[in-house]
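Participant: Below is the structure I would like to discuss, written out as structure tokens.
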Amino acid sequence: MTTKRGLITDSFKVVKKSRRGAKQRKSPTPPPSQPAEDVAPSAREEDLQQLKQFDLDWRFGPCTGISRLQRWERAKLHGLNPAEEIRELLLQTQADQEYCQR
């Protein structure tokens, strides 16, 4: 005859977790910290942000392998009307590599 097999849980001892006291008091969550002051981006950061937007704008063609000024001139040549302030910014900061990336 067949013997009745028990459940797998029958072979393990039942352990009940004890409570750590009656009820744990939860402290209220602190309000999210506010920045001490709104720091305005510097003029350099604003300029670089404008150049980044120029780089990401596909209307002016691909930006790999040429400088930003070359890309601006190419866009102007093709009648795409790139922002004149980008050209002025690039001409003012030609010596700085961060502004004239390739």
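Participant: For the chain, what is the relative contact order in percent, using Cα pairs closer than 8 Å and at least 6 residues apart in sequence?
Facilitator: 22 percent
Participant: Also, I was wondering about something else. May I ask you to list the lysines whose Cα is less than 25 Å away from that of LYS76, ignoring any residue fewer than eight positions away on the same chain?
Facilitator: The qualifying lysines are LYS52.
Participant: Okay, next question. Measure off 7 Å from each Cα along the Cα-to-Cβ vector at ALA95 and ILE66, then give the distance between these two points in nanometres to one decimal.
Facilitator: 2.7 nm
Participant: For the peptides 91-97, 62-68, what is the packing order when you average, over each peptide's residues, the other Cβ atoms within 10 Å and list the highest mean first?
Facilitator: Listed from highest to lowest mean packing, they are 62-68, 91-97.
Participant: Which of the lysines could be linked to LYS4 by a straight reach, that is with a Cα gap under 25 Å, when you skip same-chain ones fewer than 8 residues away?
Facilitator: Leaving aside lysines fewer than 8 places away in the same chain, those within reach of LYS4 are LYS13.
Participant: Something else about it: Please give the length that would be gained between SER27 and ALA83 if that part of the chain were fully extended, namely 0.36 nm times their separation in residues minus their C-alpha to C-alpha distance (nm, one decimal).
Facilitator: Separation in residues times 0.36 nm, less the Cα-Cα distance, equals 14.7 nm.
Quick note: the coordinates plus some simple rules give every number you see, no bench work behind them. Note that the structure is a prediction, hence the values are computed from the model and not measured. Here the Cβ is made from the backbone with ideal geometry for all residues, glycine too, and neighbour counts use every protein chain on show.
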